[in-house]
Amino acid sequence: MAIVTDYTRPPATYHMGAPGPERSEAGNDLLSPPASAACHFRYTPRPSLSWETIVPRFYITTAIDYVNGSPHLGHAYEKVLADALARWHRQQGHATYYLTGTDEHGQKVARTAASLGLEPKAFVDQVSQTFVKAWAALDVSYDQFFRTTDKRHELAVQELFRRLNDALSPKTGQPVLYEESYEGLYCEGCEAFKTEKDLDENGECPIHHTKPKQVQESNFFFRLSEYDEALLKHLEAHPEFIQPDYRRTEVMNVIKGGLQDVSVTRPNVPWGIALPDEIEGSAGHTAYVWADALLNYLSAIGWPERKYSLWWLAKPNETGGPAGARADEFERLDGQGKPGAAWAGTRDPQYTNAFHLIGKDISRFHCVLWPALLLAAGIPLPRQVYIHGFIYARGERLSKTLGNIVDPVELTSNFGADAVRFYLLDSFPTGKDGEFTLEQFVEHCNTHLANKLGNLASRTTTLVHKNFAGQAPSEWAPDAFTDAGAREGLDAVLAAAASAATEVPKAWAELRINEALEQTWLVVERANEFVDRTKPWELAKDPARRAELATTLSALLETLRLVAIWAWPAMPKKCEALWTTLGLEGSPAAPGEGGSVPAYGPTAERAIGETKILFPRIDLKALAGEAKA
């Protein structure tokens, strides 16, 4: 999907992550943030493009991780899933921006820091770096790592509260922000008040398995109860707003069951963002963790300045997925907030373009509270919230509280980033819950990576070096096959590749990543079956059958080229290594127009790299022995 744009400067490619030899912490001229240790990025302009270049835009965010513990495999799944989507969009030539980061305020953080004898800021500075290092180990190519202790974020949160203080509720016209004394059950793990119906039969939080504490305090509340009709109206008009569909149904049932006003500040919690002085009675109050954390999706890209619209909004048909709502549509939802500066008075229609990727445990905050806050503040809603499932171990969700953490950095150190990424993206349906055991991980990787793809690559390159002096054979003669089974095997490879050329990009675009990889591996399987049928090592013994041998190896090399492109978003390093071995120019990250279309047939000779083991088989017993030694 594409449309002619008229931006005053071309889109850019961003290469960001942990600071290093080629990474700086300076601002870029599109977002212009101050130099700060709270975010890392490096901006590289694309070559000059015409103002009429056709470029779809994709802005993807993940939940920012709470710094009260170390990264675990559940965190890693979300970041890898977002990274694979961002890489796929970049591979298609889309202007792409991927935001992640850490949530660094709150009572839990302050208490943990105190228990370690640290000031909160010193503590969050340390812990945030464990997330930066973890995502670097997993080759997560975010465009900005944003921390809620960033000064830009503090200013944005205070502006949000100014707007809430001025806004009127959509039904009764009362102030949406009001102060009231409240007594209720507070779960410190969720950093949220709970009702009795939110608890399990033992009166415990079903996520953290702890009993909430009875708390009485005076807070500022947001009049969420009056936003049910506006939210339902938006969901009915834009069913793509919450995906998958069954998650949207869950949220709609929550809204139809009645919404309660929610606390958006906490008194006497100094480790947080103070409310603006102009709000009467705000002294001593700090923004409640969700009213603080959620705003990172806007503050990181420049809100409340108009430049935030560079990624939050897009022109017609430029959205990076199913079309979002027109920005001016939200004025008709009667949010009673100030009109958003990004669309007020604009001549051209703009559409919402932010894509939030989150876990199911925080879906209510993102699908109910967040859009209501935006409506009250006069800000267009995101385009879509995609809710994924959990990674379970021993039948329980991974969490620090439950003590079943799986360290993604240790996994990566032992088995490689691409093996971990592949397992997370391929072993269970995208969006559904998944189970992790080391045994399942090893079996999955050995079967699909070592036995199927790795073996195909090794056999192919070895045969090319042995029989064609390391040069890719140029001859293509399918009619030369004397064995009907061999020709049938070739036809099966060609048919599988033709199908995958259509189905793989479609699956990526529709967030069916496991299906995109399954379609890719079907081609690998057909290629291995073709090898078994043709037995190229036998063909090599008969000079009269050299055309069959050349055709066989040419087909296998083209299959590997396609697999390197289709699997690159999931396994970037290994696919790039395979690409180099195949002697190809450029990169699977940017195959060029038509590069992912099957091109079986005569080819120009090229040098094939030395055979390397792409994915060594994993031997758990040997690893256990090394660990004991």
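The values are calculated or read from the model by the stated rules, or taken from the named source; none is laboratory data. Because the structure is predicted, anything quoted here is derived from the model rather than measured. Neighbour counts run over all protein chains shown; Cβ positions are idealised from the backbone, glycine included. These area figures cover heavy atoms from the full protein model, side chains too; ligands, DNA and RNA do not enter into them. Shrake-Rupley method; radii C 1.70, N 1.55, O 1.52, S 1.80 Å.
Would you mind stating whether Glu610 is acidic (Asp, Glu) and without any contact (Cβ under 8 Å) to a residue 24 or more places away in the chain?
Values: acidic (Asp, Glu): yes; without any contact (Cβ under 8 Å) to a residue 24 or more places away in the chain: no.
So Glu610 fails the test.
Return a yes/no flag: does region 502-517 have any residue that is more than 30 Å from Gln243 (Cβ to Cβ), modelled with pLDDT of 95 or more and part of a helix (DSSP H, G or I). Show your work before the answer.
Step one: filter region 502-517 for residues more than 30 Å from Gln243 (Cβ to Cβ), giving none.
Within region 502-517 (the criterion being more than 30 Å from Gln243 (Cβ to Cβ), modelled with pLDDT of 95 or more and part of a helix (DSSP H, G or I)), the answer is no, since none of the residues qualifies.
Of all residues in region 84-101, which are within 11 Å of the chain's Cα centre (by Cα) and either open to solvent by less than 10 Å² (accessible area, probe 1.4 Å) or at pLDDT below 95 (or both)?
Of everything in region 84-101, those that are within 11 Å of the chain's Cα centre (by Cα) and either open to solvent by less than 10 Å² (accessible area, probe 1.4 Å) or at pLDDT below 95 (or both) turn out to be Ala84, Leu85, Ala86, Tyr97, Tyr98, Leu99, Thr100.
Please determine, by comparing only the residues of region 528-538 that are over 20 Å from Gly601 (Cβ atoms) and touching a residue at least 60 places away in the same chain (Cβ under 8 Å), which one is surrounded by the most Cβ atoms within 10 Å (Cβ to Cβ).
Asn528
Before we move on, is Gly337 outside any helix (DSSP H, G or I), in contact with a Phe, Trp or Tyr (Cβ under 6 Å, 6 or more places away or on another chain) and not basic (Lys, Arg)?
For Gly337, the condition - outside any helix (DSSP H, G or I), in contact with a Phe, Trp or Tyr (Cβ under 6 Å, 6 or more places away or on another chain) and not basic (Lys, Arg) - is not met.
Looking only at region 195-214, how many residues end up being in contact (Cβ under 8 Å) with a residue 24 or more places away in the chain and buried (at least 16 other Cβ atoms within 10 Å of the Cβ)?
Going through region 195-214 one residue at a time, the tally reaches 3.
Exactly one of (1) buried (at least 24 other Cβ atoms within 10 Å of the Cβ); (2) over 16 Å from Asn455 (Cα atoms); (3) of a type in the set (A, V, I, L, M) is unmet by Ala544. Its number?
(1)
Scan Leu31, Leu81, Leu73, Leu49 and give me the residue that is modelled with pLDDT of 95 or more, out of contact with any His (no Cβ under 6 Å at 6 or more places or on another chain) and hydrophobic (A, V, I, L, M, F, W, C). Don't jump to the end; show me each part of the working.
Numbers: Leu31 fails: modelled with pLDDT of 95 or more; Leu73 fails: modelled with pLDDT of 95 or more; Leu49 fails: modelled with pLDDT of 95 or more.
Being modelled with pLDDT of 95 or more, out of contact with any His (no Cβ under 6 Å at 6 or more places or on another chain) and hydrophobic (A, V, I, L, M, F, W, C) holds for just one of Leu31, Leu81, Leu73, Leu49, which is Leu81.
Which residue pairs have Cβ atoms closer than 6 Å, lie 6 or more positions apart in sequence or on different chains, and pair a first residue in region 149-163 that is touching a residue at least 40 places away in the same chain (Cβ under 8 Å) and under 15 Å from Leu294 (Cβ atoms) with a second residue that is assigned to a helix (DSSP H, G or I) and among the acidic types (Asp, Glu)?
Qualifying pairs under 6 Å: Val157/Asp292.
With the checklist (1) on the phi > 0 side of the Ramachandran plot; (2) in contact (Cβ under 8 Å) with a residue 40 or more places away in the chain in hand, flag the one item Pro598 doesn't pass.
Only one criterion in (1) on the phi > 0 side of the Ramachandran plot; (2) in contact (Cβ under 8 Å) with a residue 40 or more places away in the chain is unmet by Pro598, namely (1).
Of these, Asn467, Asn455, which one is more than 43 Å from the chain's Cα centre (by Cα) and crowded, with 17+ Cβ neighbours inside 10 Å?
Only one candidate qualifies: Asn467.
When Ile301 is evaluated against the numbered criteria (1) closer than 18 Å to Thr100 by Cβ; (2) surrounded by fewer than 24 Cβ atoms within 10 Å (Cβ to Cβ); (3) β-branched (Val, Ile, Thr), which criterion, by number, is the only one it fails?
For Ile301, the exception is condition (2).
Report yes if some residue within region 235-257 is over 29 Å from the mean Cα position of the chain (by Cα) and either within 22 Å of Ser282 (Cβ to Cβ) or touching a residue at least 12 places away in the same chain (Cβ under 8 Å) (or both); otherwise report no. Give the steps one after another, and end with the answer.
Within region 235-257, the subset over 29 Å from the mean Cα position of the chain (by Cα) is 256-257.
Still in the list and also either within 22 Å of Ser282 (Cβ to Cβ) or touching a residue at least 12 places away in the same chain (Cβ under 8 Å) (or both): 256.
Scanning region 235-257, I find at least one residue that is over 29 Å from the mean Cα position of the chain (by Cα) and either within 22 Å of Ser282 (Cβ to Cβ) or touching a residue at least 12 places away in the same chain (Cβ under 8 Å) (or both), so the answer is yes.
The rows are residues; the columns are (1) buried (at least 22 other Cβ atoms within 10 Å of the Cβ); (2) of a type in the set (Phe, Trp, Tyr); (3) part of a helix (DSSP H, G or I).
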residue: Val563; (1), (2), (3): yes, no, yes
residue: Cys575; (1), (2), (3): yes, no, yes
residue: Ala589; (1), (2), (3): no, no, no
residue: Tyr600; (1), (2), (3): no, yes, no
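Looking at Thr112, Thr96, Thr102, which is the one that is farther than 20 Å from Ala417 by Cα, of a type in the set (Ser, Thr, Tyr) and touching a Ser or Thr at 6+ places or on another chain (Cβ under 8 Å)? Spell out how you get there, then give the answer.
Numbers: Thr112 fails: touching a Ser or Thr at 6+ places or on another chain (Cβ under 8 Å); Thr96 fails: touching a Ser or Thr at 6+ places or on another chain (Cβ under 8 Å).
One residue alone meets the criteria, Thr102.
I'm trying to understand the selection: among the residues of region 547-560, which are charged (D, E, K, R) and either crowded, with 23+ Cβ neighbours inside 10 Å or at pLDDT below 95 (or both)?
Within region 547-560, Glu548 is the sole residue that qualifies.
Going residue by residue through region 102-119, is there one that turns out to be within 23 Å of the chain's Cα centre (by Cα), under 22 Å from Gly389 (Cβ atoms) and either part of a helix (DSSP H, G or I) or aliphatic (A, V, I, L, M) (or both)?
No, the conditions are met nowhere in region 102-119.
Which count do you get for residues in region 539-551 that are free of Cβ contacts under 8 Å to residues at least 60 places away in the same chain and either assigned to a loop (DSSP other than H, G, I, E, B) or within 43 Å of the chain's Cα centre (by Cα) (or both)?
The total comes to 2.
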